[in-house]
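**Student:** My questions all concern the structure below.
The values are calculated or read from the model by the stated rules, or taken from the named source; none is laboratory data. Please read these numbers as outputs of a predicted model, since none were measured by experiment. We place every Cβ from the backbone using ideal geometry, glycine too, and count neighbours over all the protein chains shown. Heavy atoms of the whole protein, side chains included, go into the accessibility calculation; ligands, DNA and RNA do not. Shrake-Rupley method; radii C 1.70, N 1.55, O 1.52, S 1.80 Å.
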Amino acid sequence: MSEYYTLKIAGLERKLEKFPVSDSLDIAAFIIFGDVELTIAGCKELINRVPEFDVIVTPEAKSIPIAYEMARQTGKPYIIARKGLKVYMRNPLEVNVTSITTQHEQHLFLGESEVQMLRGKRVLIVDDVISTGESLAAVRELVAEAGGKEAAACAFLAEGDAAERDDIIYLEKLPLFFKK
């Protein structure tokens with residue numbers, strides 16, 4: 001039988017199923033895909049907390065609905081740091097990242113047209129959950145290499161020790177579940 005963690009976020013309540021990431025650690029899976037109500041409400045609340053920005057950048061994939069909805073609500077463009085190199089990406093920038101949920105090295109790419117959109121702009125980095133900070137560090141590196149200026153980094157949730165960071169804006173804390 002599955003175990004769940006009840007999360008209260010943006011005035012809504014969600015039950016998150018717990019999954020093991022190691023013999024000693026479980027995480028509560030926050031999956032925004034398909035949850036339109038939470039996406040809209042959370043983005044509205046997050047927009048009220050972030051400073052002025054010109055463009056949004058998010059890593060592919062689970063945070064795409066958040067970036068899209070923040071762009072829709074603000075009228076600002078958004079860019080996706082892609083996990084794979086596409087044929088239409090000229091002169092790509094690339095960084096490597098390993099996150100808690102993927103458990104293996106990935107690559108993030110921006111093409112020349114995305115780099116041009118970022119150069120000299122105030123960039124809001126958006127993610128669904130910040131945990132180890134590895135994905136955030138990779139996106140920050142891409143933004144810096146592209147000549148963008150980070151306005152802020154934000155997420156719906158800060159997981160585990162990330163909730164103690166002072167360099168991110170988030171809506172709620174998400175605990176880690178250590179097994180005894």
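**Student:** Looking only at segment 5-18, how many residues end up being without any contact (Cβ under 8 Å) to a residue 60 or more places away in the chain and either within 17 Å of Ala61 (Cβ to Cβ) or among the β-branched types (Val, Ile, Thr) (or both)?
**Tutor:** Qualifying residue count, segment 5-18: 1.
**Student:** Wholly within segment 1-81, which strands (runs of 3 or more DSSP E) include no fewer than the required count, namely at least 2 residues that are surrounded by fewer than 15 Cβ atoms within 10 Å (Cβ to Cβ)?
**Tutor:** Correct list: 4-9, 12-20.
**Student:** Please state which of the following conditions Val50 fails to meet, knowing it meets all the rest: (1) at pLDDT 95 or above; (2) in contact with a Gly (Cβ under 7 Å, 6 or more places away or on another chain).
**Tutor:** Here Val50 meets the rest and fails (2).
**Student:** Would you check which residues across segment 123-135 are assigned to a loop (DSSP other than H, G, I, E, B) and either at pLDDT 95 or above or among the polar types (S, T, N, Q) (or both) and list them? Walk me through it before giving the result.
**Tutor:** Applying the first criterion (assigned to a loop (DSSP other than H, G, I, E, B)) to segment 123-135 yields 131-133.
Of everything in segment 123-135, those that are assigned to a loop (DSSP other than H, G, I, E, B) and either at pLDDT 95 or above or among the polar types (S, T, N, Q) (or both) turn out to be Ser131, Thr132.
**Student:** Where the second residue is open to solvent by 20 Å² or more (accessible area, probe 1.4 Å) and the first is part of a helix (DSSP H, G or I) and lies in segment 106-122, which pairs have Cβ atoms under 6 Å and are six or more apart or on separate chains?
**Tutor:** Glu112/Arg90; Glu112/Asn91
**Student:** Kindly provide the set of residues from segment 136-180 that are open to solvent by less than 30 Å² (accessible area, probe 1.4 Å) and not in a strand (DSSP E or B), ordered by number.
**Tutor:** Listed by number, the residues that qualify are Leu136, Ala138, Val139, Leu142, Val143, Ala146, Gly148, Gly160, Ala162, Ala163, Ile168.
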